[in-house]
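Visitor: Before we start, here is the structure in question, set down as structure tokens.
Read-outs: derived from the displayed coordinates by stated rules, not from any lab. Remember, predicted model here, so these are calculated numbers, not experimental data. Cβ coordinates were reconstructed from backbone atoms using ideal geometry, including for glycine residues, and neighbour counts include every protein chain displayed.
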Amino acid sequence: MLIAVLTYLLRYANMDYIFLSALQSGESNQPSHLLLSYDISCQWYKNLKTRVNTIPQHIRLNISSICTRFLVPKFHLPAHVPACHSLFSFNYTPGAGHTDGESIERDWAMINPVSYSTHEMSPGHRQDTLNDHWGDCNWHKTGFSTYIFSLEYNNDVDYLQVMLLLRRSELVFPSVSPTMNTFKRCVRTFRQTSYRSGRIW
């Protein structure tokens, strides 16, 4: 995930720079296909190839070699004109699966309160603080996924590994201890129920 601090007035130039920066992983690592989700991608994409030629040379890419499909997130799409609904919908796009394109929006609920502190910080301190908070959001997603994924296995070793993961997270992030306690109770309850129902886990 690439997070960028934008100016008050959102210009295409900002998004062009962010988009090309995200693809700066070397020519050999460039994707051949790309699904790009952006609230107003139906407008932004129109002259993108022309605008890329005005970007500084060190970040310029040949995006013509990447098969790119521009989409609008599902929650935002109904506010667009009807002509956008089918052309930029995740529902009609091969390879999109059940993606809704709104995952970044869900994190704003946790990040918005941080702005009261970050608007008084120096640029470097602001970036470090936002990186820490975004990292915490991502960790909660992957930590929870690991917990759910481990429920598919049926032995005590996995149970111990899950409990160890939760304990380590408490040591690294003391502020999440109440959440981890809730997770532990869920794991114990699930395990006891599994034993009683004959599904050993």
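Visitor: Is it the case that residue 106 is of a type in the set (Lys, Arg) and either exposed (fewer than 15 other Cβ atoms within 10 Å of the Cβ) or more than 21 Å from residue 13 (Cα to Cα) (or both)? Walk me through how you get there before you give the answer.
Guide: Working: of a type in the set (Lys, Arg): yes; either exposed (fewer than 15 other Cβ atoms within 10 Å of the Cβ) or more than 21 Å from residue 13 (Cα to Cα) (or both): yes.
Criteria met by residue 106.
Visitor: When the residues of the range 76-94 are narrowed to those that are touching a helix residue (DSSP H, G or I) at 6+ places or on another chain (Cβ under 7 Å) and among the aromatic types (Phe, Trp, Tyr), which ends up surrounded by the fewest Cβ atoms within 10 Å (Cβ to Cβ)?
Guide: 92
Visitor: Let me ask you something else. Taking the range 110-143 on its own, how many of its residues are touching a residue at least 60 places away in the same chain (Cβ under 8 Å), under 13 Å from the mean Cα position of the chain (by Cα) and crowded, with 16+ Cβ neighbours inside 10 Å?
Guide: Number of matching residues: 1.
Visitor: Is it the case, given these coordinates, that residue 55 is β-branched (Val, Ile, Thr), surrounded by 10 or more Cβ atoms within 10 Å (Cβ to Cβ) and over 25 Å from the mean Cα position of the chain (by Cα)?
Guide: Values: β-branched (Val, Ile, Thr): yes; surrounded by 10 or more Cβ atoms within 10 Å (Cβ to Cβ): yes; over 25 Å from the mean Cα position of the chain (by Cα): yes.
In short, yes.
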